[in-house]
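Okay, structure first, notes after.
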Amino acid sequence: MASFRKILTGAVAVAAVGGIAWVALQPEVVPVDLAKVERGALEVTVNADGETRIRDVFDVTAPVTGRVLRSPVQIGDVVVADDTVVARIEPGAPAFLDERSRSQAEAAVAQAVAAVSLATTQISIAEADLSFAQSQLSRVHDLHERGTIPQAQLDQAELAVDVAAAQLDSAHASFDMREAELAAQRAVLIQPGAGGGAVSTSCCIDILAPASGSVLSLENESARMVMAGSQILSIGRPGDLEITADLLSTDAVRITAGNMAYVERWGGPEALEAKVRVIEPAGFTKISALGIEEQRVKVLLDFVTPEAERPALGHGFRVFLRVVEWRGDEVLRLPISALFRENGDWAVFVVEAGQAVLRPVTIGQRNTEFAEVLSGLEPDEVVITHPGDKISDGVLVLDREAL
């Protein structure tokens, strides 16, 4: 009995060792992720950040230097072209006078007062001359009627009256001129607030909206002094939006006017559609966030999606663009994660009879998800995605999802 137990124990040990050896000699089966090569749509896009803007923005500026009153409109208000008053400008207050300027102005007023007095005296002299000339004419006329003096003397007396009358008119005109000069010199002495307020409100300029739309921005809501040409506000129609994007010059040459684009990350649930309208012919240098100089090109796009489907989108909103560079509808494609380099060429691992088979492929267009297969693969073939170091030609594989 003891001998039998020893024999049985030895047999079990031999069997265990043999099982272990058999398992050790079996080839390893590697779990992998699989994908099928199939036909479908493929799009290659140029991606960039963009910004919405109103196509036609009207900047309202001050036509004259003066004091613009508190804004009668607010941001978002609807205005009508040539009807809504968007700003009102009054004359500005006079400047303060320093001590020297005030003394000079007071001296000028005193000089003007003296000139008015002189003009008054000249009027009195001219009136006396005219009265004397008229009395002389009366006596000469009586003597001429009696025939005691010649006609020439009568003509000379009439001329003296005309000259005296003209001198009187000149004196009155000189008086008016001196009074105007006095008023002008006194105006120099007017100080800010001398009329009971900061400025005179005897006249003002009402600025009407140059176009219908909404107020987009206000430089300042409060009353203030402005120079001629200073911006006051801007007006635009919120629905008339376009998109502007600064593309790398190497990306801009890959697209053309008329290319479609997807507008994403704008805040809505669905992507919007747009179309490239203009690719500007001149580039510019822009410093990236990493401090690298980049050549950029401005690209303008028009919305294709109706305004009713993007009511919340406004001026200056950030969006993300995917401009379609190339599109194919029935393209033989495979996941780009299945591709890797083998001796400088593209290759994939194809699953055949549970084994990984190395196969070179030729690819065409590709994006971040799929690549176009030009040769090396057929529809419905299965390839390994994300092949690791354990995968090589002839290795047994198993679909990870089947575990």
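The values are calculated or read from the model by the stated rules, or taken from the named source; none is laboratory data. Here the structure is a predicted model, which means the values were calculated and not measured. Positions of Cβ are generated from backbone atoms using ideal geometry, with glycine treated the same way; all protein chains shown enter the neighbour counts.
The residues of region 355-403 that are among the aliphatic types (A, V, I, L, M), out of contact with any helix residue (DSSP H, G or I) (no Cβ under 7 Å at 6 or more places or on another chain) and more than 15 Å from V29 (Cβ to Cβ), listed by number, are V357, L358, V361, I363, V373, L374, L377, V382.
Yes/no per residue for (1) in contact (Cβ under 8 Å) with a residue 40 or more places away in the chain; (2) not assigned by TED's automatic domain parsing to the domain that holds L168:
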site: A87; (1), (2): yes, yes
site: S103; (1), (2): no, no
site: E106; (1), (2): yes, no
site: A114; (1), (2): no, no
site: T120; (1), (2): yes, no
site: S124; (1), (2): no, no
site: D129; (1), (2): no, no
site: A133; (1), (2): no, no
site: S138; (1), (2): no, no
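Check region 221-231 and report whether any residue there is part of a strand (DSSP E or B) and either loosely packed, with under 12 Cβ neighbours inside 10 Å or within 22 Å of the chain's Cα centre (by Cα) (or both). The answer is yes; a qualifying residue exists. Within region 366-380, identify whether any single residue is at positive phi and either among the charged types (D, E, K, R) or touching a Phe, Trp or Tyr at 6+ places or on another chain (Cβ under 6 Å) (or both), and answer yes or no. Among the residues of region 366-380, at least one is at positive phi and either among the charged types (D, E, K, R) or touching a Phe, Trp or Tyr at 6+ places or on another chain (Cβ under 6 Å) (or both), which makes the answer yes. Within region 121-160, being closer than 28 Å to A171 by Cα and charged (D, E, K, R) holds for E127, D129, R139, D155, E158. Assess whether S71 counts as being of a type in the set (G, A, S) and without any contact (Cβ under 8 Å) to a residue 60 or more places away in the chain. Spelling it out, it is not the case that S71 is of a type in the set (G, A, S) and without any contact (Cβ under 8 Å) to a residue 60 or more places away in the chain.
Yes or no: region 59-69 includes at least one residue that is closer than 30 Å to R400 by Cα, assigned to a strand (DSSP E or B), at pLDDT below 95 and not charged (D, E, K, R). Looking through region 59-69, none of the residues is closer than 30 Å to R400 by Cα, assigned to a strand (DSSP E or B), at pLDDT below 95 and not charged (D, E, K, R). crowded, with 18+ Cβ neighbours inside 10 Å and in a helix (DSSP H, G or I): does that describe V163? No; evaluated as a whole, the condition is false for this residue. Against the test of being surrounded by 13 or more Cβ atoms within 10 Å (Cβ to Cβ) and in contact with a Gly (Cβ under 6 Å, 6 or more places away or on another chain), the options E372, E325 yield a single qualifying residue, E372. Scanning region 328-366 for residues that are touching a strand residue (DSSP E or B) at 6+ places or on another chain (Cβ under 6 Å), outside any strand (DSSP E or B) and surrounded by fewer than 16 Cβ atoms within 10 Å (Cβ to Cβ), we see that the one that is modelled with the highest pLDDT is I336.
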